[in-house]
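Taking it in order: structure first as structure tokens, then the write-up.
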Amino acid sequence: METTKLGRTSRGARIAAMGLLCLVNMLPAQQMQQSAPAPAQKPAGQKSADQSPVTQEATGALGDDAVSQSPAPMATVQAVLPTAPSPLTRDEQILQMLNRFTYGPRPGDMERVRAEGLSKWLSDQLNPQRIDDSALDQRLSDYPAMKLPINRLLEQYPNNAMIRAQMAGRVGVPSGPGERAIYNAQKERYKDVKAGKDGKDVAKTDDPDPLPAEPQAILAMEPPARFTLLSKLSAPQLRMLRQQLPAEQRQNLLDGFTPRQVETLAALASPQAVVVSELTQTKLLRSIFSERQLQEVMVDFWLNHFNVYIRKNQEAPYLITGYERDTIRPHALGSFEQLLVATAMSPAMLSYLDNASSVGPHSSSVLPDVNSYGYAAMMRRPKAAASGLNENYARELMELHTLGVNGGYTQKDVTEVARVFTGWTLGRNFDGGQPTHAQFDPSKHEPGDKMVLGVKIRQNGSGEGMQVLHMLATSPQTAHFISTKLAVRFVSDDPPPAMIDRMTARFLATHGDIRQVLLAMITSPEFFTRDTFRAKVKTPQDYVISAVRASGADVATAGALTVAISDLGMPLYGMQTPNGYSMRADPWNSTASLVARMNFALALSTNRVAGVHTDWPAVLAPASGTPLATLPVEAKDKLVEDKILHVQVSDRTREAILSQMNADPEQQKASLNQISRQATGKRDALSAMQSGHTAATGGQLDPQTALAAGLIFGSPEFQRR
């Protein structure tokens, strides 16, 4: 299967982009500094952990139940937007809301919101449980692994550590034939790697064994027999089988298979790669197709705010699966304090910021055993400490998650908070298994009282951490810091201070109710203004998703889109440092970025992104019924602007587009056809297996209209939201 490669710019894309490069100055440099937080104030009313509504949950172990419990049902929130005259027209207000609180309008969205009313639309988005999302659920049913608990996910799709544990006899093999096939394939691969010189995987270089039957005979088998045979093939044999079949028949290999069987066959080559592929693909499918768009945008906001890196270790992809599903999503529009507690107790965060390995220097796990007389038992060895006190989580908890860099804390506070959270670690579900659930280990906890931000934290085991989280979640500095980050994401790179003050006040008054803070932002008089209209530059992720939504495309497999976002410099879950990706313009504002986006835009407009298909004649159908190809050049451009962008481009942009559309027809075709390509399977394990599920072909545009669509997607105006 092939997909557009976006990392290396093709000649055609460069030619098409040249007419727009002169417009790159439309993306002015934005200041990176955040608004200064309010002067440090000592949070009031925080003498006792009992004042926290979630304190009682932490007096014992930090188990799976405590982490994954869904929050209590939220009360319905009604949005009433201001009726006073606005600098923006009603349609501009609708476009502003669709560009900020969704991943961009789809064909027909403007008309739908106009018909139902903006306040009604926003009220529904703030209460996502009212919105039917069954169509998305049907799409996600193709990815059953994403519903598994972390320990089951590791069992069924083992990483190398699990394979080594099984080979050493520390864990067993699941009983299903598919699981046995996965374990057997990975054990053979592991042996081959060890036998290869310099760690070389000889299984990929040696000629595979002959197929047990002719490709056409395999294709003709009934699904159960075909799956049984395929699950016994090695990964090289599966590749050989696909290569020996005509491209149009490869899709039939999976006919009649369940999604679980498709996952199993893909996992024969690399189980962990399947987990990564499903994690990223389902994230994109939710972003593109969910009707609960505000919830998806907020899930992404908090995933970035509480960033966890997918390549931290072998377990990270598995832990992030539960992190997004069980930690972030249930709280994305709820209470900030509950969200903060959930992240602190998350296996993904405990692993990523190393708190799982933080041990109190005076804890019982470090000091030697003491006998009943108080003397060290000289004949016993001291218990080995895991690694000593680790301050990573404590520092990022205050600097990035709550108070902000100027939040009034000191290095002494960082050390004290690190002592508070000793013992918050990871446990194993069974001997030999991987650490997958949060727990509190008293033997690793630093004894004694601690002093944090001028408040004495009395010795109370895991309750100390809950008291600190409550202090931080209810701090005025936290309210200001979170409000500022939300305003930067949704309003502008330099949001109005008065708006942030209103959001901060609402945060404190509602005890961190995220929906109320968003409403304070939206209803501020500074929100619907010319200064904020289309003031934000799209990140690569926002750009790709908004382009796919604007095209009305069907996405059969999102692997190529995952690759596209990565090639544009923003791999999903790929920010190594805990600060997350910047939501400001500067990191994404460059000539090279514009050209790379143009490459993707031309691929999308010509249905050259694998697994993604748009019926362009249907999306761009003129109201008059006139065939697209027969329209004058100016009419084609106007139609594309109206259908995709919903605003008029500048005279300079239109001149550049018309110049390309009026170029020599052969040059137009060359610009559209010279997009470099590569096999998806090299970068996305599941998409390689799903190649038979690609969307239908057809519905192509004439070269002029396709060029217009691609240039609109690549234009300076489409880069903004």
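The condition of being over 24 Å from the mean Cα position of the chain (by Cα), touching a residue at least 12 places away in the same chain (Cβ under 8 Å) and within 18 Å of Gly710 (Cβ to Cβ) does not hold for Ser593. Applying a threshold of 8 Å to beta carbon distances and a minimum spacing of six or more residues, or different chains, the list of pairs starting in the stretch 523-542 at a residue that is closer than 18 Å to Phe718 by Cβ and ending at one that is open to solvent by 30 Å² or more (accessible area, probe 1.4 Å) and not in a loop (DSSP other than H, G, I, E, B) reads Phe533/Glu92; Arg534/Arg720; Ala535/Arg720; Lys536/Arg720; Val537/Arg720; Lys538/Arg720.
A quick yes/no check of all residues on (1) under 27 Å from the mean Cα position of the chain (by Cα); (2) open to solvent by 10 Å² or more (accessible area, probe 1.4 Å):
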{"residue": "Met74", "(1), (2)": "yes, yes"}
{"residue": "Ile94", "(1), (2)": "yes, no"}
{"residue": "Arg112", "(1), (2)": "no, yes"}
{"residue": "Trp121", "(1), (2)": "yes, yes"}
{"residue": "Arg139", "(1), (2)": "yes, yes"}
{"residue": "Tyr143", "(1), (2)": "yes, no"}
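Checking Asp207, Asp192 one by one, the residue that is in a helix (DSSP H, G or I), open to solvent by 40 Å² or more (accessible area, probe 1.4 Å) and either modelled with pLDDT under 90 or of a type outside the set (A, V, I, L, M, F, W, C) (or both) is Asp192 and no other.
I need every pair where a residue in the stretch 708-719 that is within 16 Å of Lys536 (Cα to Cα) has its Cβ under 7 Å from the Cβ of a residue that is β-branched (Val, Ile, Thr) and not in a helix (DSSP H, G or I), sequence separation at least 6 or different chains. That search, which allows pairs on different chains as well, returns Ser715/Val649; Glu717/Val647; Glu717/Val649; Gln719/Val537. Looking only at the stretch 483-502, residues that are outside any loop (DSSP other than H, G, I, E, B) and touching a residue at least 24 places away in the same chain (Cβ under 8 Å) come to 12 in all.
Looking only at the stretch 413-462, count every residue that is of a type in the set (Asp, Glu) and farther than 18 Å from Leu389 by Cα and tell me the total. Spell out the reasoning first.
Taking the stretch 413-462 and keeping what is of a type in the set (Asp, Glu), we get 413, 416, 431, 441, 446, 449.
Next, from what is left, pick out any that are farther than 18 Å from Leu389 by Cα: 431.
The number of residues fulfilling the criteria is 1.
Residues in the stretch 563-584 that are in a loop (DSSP other than H, G, I, E, B) and either of a type in the set (Asp, Glu) or touching a helix residue (DSSP H, G or I) at 6+ places or on another chain (Cβ under 9 Å) (or both): 15 in all. The residues listed here are Tyr309, Tyr318; of these, the one that is at pLDDT 95 or above, surrounded by 22 or more Cβ atoms within 10 Å (Cβ to Cβ), more than 23 Å from Asp109 (Cα to Cα) and aromatic (Phe, Trp, Tyr) is Tyr318.
Helices (runs of 4 or more DSSP H) fully within the stretch 625-690 that include at least 1 residues being modelled with pLDDT of 90 or more: 633-640, 651-661.
Scanning the stretch 585-609 for residues that are open to solvent by less than 10 Å² (accessible area, probe 1.4 Å) and not in a helix (DSSP H, G or I), we see that the one that is nearest to Pro495 (Cα to Cα) is Ala585. When Tyr157 is tested against (1) over 20 Å from the mean Cα position of the chain (by Cα); (2) of a type in the set (Ser, Thr, Tyr); (3) open to solvent by 20 Å² or more (accessible area, probe 1.4 Å), exactly one condition is not met: (3).
Going by the structure shown, is Gln56 in a helix (DSSP H, G or I), modelled with pLDDT of 95 or more and among the polar types (S, T, N, Q)?
no
Applying the condition of being among the hydroxyl-bearing types (Ser, Thr, Tyr) and either part of a loop (DSSP other than H, G, I, E, B) or in contact with a Lys or Arg (Cβ under 8 Å, 6 or more places away or on another chain) (or both) to the stretch 450-482 and asking which residue is most open to solvent (accessible area, probe 1.4 Å) yields Thr474. Taking first residues from the stretch 273-293 that are closer than 18 Å to Arg311 by Cα and partners that are small (Gly, Ala, Ser) and open to solvent by 10 Å² or more (accessible area, probe 1.4 Å), the Cβ contacts under 6 Å between residues at least 6 apart in sequence or on separate chains come to Ala273/Ala685; Val274/Ala685; Ser277/Ala685. Residues that are open to solvent by less than 20 Å² (accessible area, probe 1.4 Å) and either in a loop (DSSP other than H, G, I, E, B) or in contact with a helix residue (DSSP H, G or I) (Cβ under 7 Å, 6 or more places away or on another chain) (or both) within the stretch 283-297 comprise Leu284, Leu285, Ser287, Ile288, Ser290, Gln293, Leu294, Glu296, Val297, listed in sequence order. Of all residues in the stretch 236-282 being acidic (Asp, Glu) and part of a helix (DSSP H, G or I), which is surrounded by the most Cβ atoms within 10 Å (Cβ to Cβ)? Residue satisfying both the conditions and the ranking: Glu263.
The values are calculated or read from the model by the stated rules, or taken from the named source; none is laboratory data. Here the structure is a predicted model, which is why all the values come from computation and not from measurement. Cβ atoms come from the backbone with ideal geometry, glycine included; neighbour counts cover every protein chain shown. Protein only, heavy atoms only, side chains kept; ligands, DNA and RNA dropped before computing areas. Shrake-Rupley method; radii C 1.70, N 1.55, O 1.52, S 1.80 Å.
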